[in-house]
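Following: one structure in structure tokens, then a few remarks.
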């Protein structure tokens, strides 16, 4: 998880000095807005790169196909299925789990294929964020 330097400093030094609750909230919100702006800017800049476009498309197809599979095989809602796909492929983990044997086997294959795709996409996006900071 990326935490911008001002927020990281606030979190790291919170125990050293008291922070007014309103001030800390404004600082964190401002940092979130600036970080989001930098992320969106880097995303649009990265989208000019053919490799990024290909990884974005492959990642979207991977998430879409997984979502459709879990909707039909496990009977999950679209949101639950997409949530499971995103949290599984980013290795965050989820409270959901497939109940059918077929769903479990699909998940094992899906993880081996999908993690590389998702992390390739994230790596490429992160490199564009670093380039934008220079």
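Coordinate-derived values only; no laboratory data. This structure is a prediction, so every number in the text was calculated from the model and none was measured. Note: ideal-geometry Cβ built from the backbone for every residue, glycine included; neighbour counts use all protein chains shown.
With coordinates expressed along the principal axes, the C-alpha atoms belonging to region 47-134 extend over 48, 22, 21 Å, beginning with the largest. What is the calculated FRET efficiency for residue 122 to residue 100, with r their C-beta to C-beta distance and R₀ = 22 Å, to the nearest 0.05? Using R0 = 22 Å, I get an efficiency of 0.15. Multiplying the residue separation of residue 90 and residue 44 by 0.36 nm and subtracting their alpha-carbon distance yields 14.4 nm. Relative contact order, whole percent, for region 47-134 stands at 32, derived from Cα pairs under 8 Å and 6 or more residues apart. Our estimate of slack between residue 109 and residue 26, defined as 0.36 nm per intervening residue step minus the Cα-Cα distance, is 25.5 nm.
Would you please classify the overall shape of region 29-73 from the alpha carbon gyration tensor, given that a ≥ b ≥ c denote the square roots of the eigenvalues, rounded means a/c under 1.5, and beyond that prolate means a/b larger than b/c while oblate covers the rest? It comes out oblate by the Cα gyration axes. Footprinting exposure proxy ranking of 83, 70, 110, fewest other C-beta atoms within 10 angstrom first, gives 83, 110, 70.
For 112, 52, the sequence from fewest to most other C-beta atoms within 10 Å is 112, 52.
If you rank 29, 68 by fewest surrounding Cβ atoms within 10 Å, what's the result? List each step's numbers first, then the result.
Values: 29 11, 68 14.
Ordered from fewest to most neighbouring Cβ atoms within 10 Å, 29, 68 come out as 29, 68.
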